[in-house]
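Each reported figure results from applying straightforward, stated rules to the coordinates on display, with no laboratory input. From a predicted model like this one, the values you see are computed outputs, not experimental measurements. Cβ: placed from backbone, ideal geometry, glycine included. Neighbour counts: every protein chain shown.
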Amino acid sequence: MGASSKLALAAVVPLQTLQGSEGNLAILRRQLLAIAHELHIKGWVANHDGNVTARIAGDRLLATPTALSKRVLVETDLIVLDGANQVLHGGRRPFSEIALHRAVYAARPDVRAVVHTHSPNATALAVVGVAVDPTLIAEAVVSLGAEIALLPYGFPQSAEQLAALRVAAHSLDAVTLANHGVLAWGDDLEQAYLRAELVEHLATIQLRALQIGAVRTLPANDIERLLAARTKAGLGPLARAK
């Protein structure tokens, strides 16, 4: 073993030292793995697409690795990253889109998990430049607000793309990325996953409705009432500001 390999191994932190007071890392690993598998089962990712992260403590993240299908992922494939995206634990490499996740975490200290998919219906709308509209059904407005922004196309992880994402993350809980896919985040892995699921569900409804006729959104007055209910439920920027 060369000197550089010995240094790399020495820098990897034993897993048990990463389990802080903010949560049980073993449970988090099982949750993240289950969600990664679900992304493949639902057909939201293909090949090595998609990624999932969860904030452990401070700027440390538990993450799916690069170059591995979510279909075959096992717990030992998951990695722990430090704030510079260096591997603290695990034998695999971080995925290239980690900067997207970091942009969300930087904008939203309350966020504990981020899910990125290429779910077909939402991505199809993003490819043709159409935003997914949560104002089609009442429940979606309470869960996601009145907007799921479609961010303009940018070269992956470009400064412009990351800046637009940070701005959107301040007030939103999910976005679609033009010619790319879906990014959703939340208080925990389950919430981030459910938000990504809802974006794809809405996109499916929207596409089917467009095949039948003109899409009709909820009345403006009702949207305001639903946004008030969202705030009352502790969701959205107004609730976070309290």
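Charges only on Cβ, +1 for Lys and Arg, -1 for Asp and Glu: so what's the dipole of the range 83-144 about the Cα centre, in debye to the nearest 20?
Magnitude of the dipole: close to 380 debye.
Can you give the calculated 222 nm mean residue ellipticity of the chain, where each DSSP H run of n ≥ 4 adds -39,500 (n - 2.57) and the sum is split over every residue, rounded to the nearest 500 deg cm²/dmol?
Value at 222 nm, helices only: -13500 deg cm²/dmol.
For the chain, what is one quarter of the convex hull surface built on the Cα atoms, given in nm²? Provide the component values of the computation, followed by the final result.
Values: hull surface 56.9 nm².
It is 14.2 nm².
What percent antiparallel are the DSSP beta bridges of the chain, to the nearest 5?
If we restrict to bridges inside the chain, about 90 percent are antiparallel.
Less than 14 Å Cβ to Cβ from Val141, Lys/Arg counted +1 and Asp/Glu -1: what total charge do the surrounding residues give?
Details: positive: Arg195, Arg225, Arg230, Lys232; negative: Asp133, Glu139, Glu147, Asp173, Asp222, Glu224.
Local charge sum for Val141: -2.
Hey, fewest Cβ within 10 Å first, where do Ile56, Ile137, Ile148 land in order?
Values: Ile56 21, Ile137 17, Ile148 27.
So the ranking, lowest neighbour count to highest, is Ile137, Ile56, Ile148.
Where a ≥ b ≥ c are the square roots of the eigenvalues of the C-alpha gyration tensor, would you call the range 125-186 rounded, which needs a/c under 1.5, or, failing that, prolate if a/b is larger than b/c, or oblate? Working shown, then result.
Numbers: a/c = 2.72, a/b = 1.53, b/c = 1.77.
Since a/c reaches 1.5 but b/c is at least a/b, the shape of the range 125-186 is classed as oblate.
Given a cut-off of under 8 Å on Cα pairs at least six residues apart, what relative contact order in percent is computed for the chain?
18
What is the ratio of the Cα radius of gyration of the range 173-242 to 2.2 N^0.38 Å, with N the residue count, to two decimals?
1.30
Considering the zone a paramagnetic label at Arg216 would reach in this model (a point 7 Å from Cα along the Cα-to-Cβ line), which residues of the range 124-152 have amide N under 17 Å from it?
135-139
Arranged by the count of other C-beta atoms within 10 angstrom, fewest first, what order do Lys242, Lys232 take?
Lys242, Lys232
For every other residue with a beta carbon closer than 11 angstrom to the beta carbon of Asn47, add +1 if it is Lys or Arg and -1 if Asp or Glu, then tell me the sum.
Residues near Asn47 contribute +1 overall.
For His48, His170, His40, His101, what ranking results if the residue with the fewest other Cβ atoms within 10 Å of its Cβ goes first?
In order of increasing Cβ crowding within 10 Å: His170, His48, His40, His101.
Among the complete DSSP H segments of the chain, which ones combine at least 15 Å of alpha-carbon extent along their axis with a mean Kyte-Doolittle hydropathy of -1.0 or more?
25-41, 159-171, 189-212, 220-232
Could you please report the charge total around Leu125, scoring K, R as +1 and D, E as -1 over all other residues with beta-carbon less than 15 angstrom from its beta-carbon?
After counting each charged neighbour, the total is -2.
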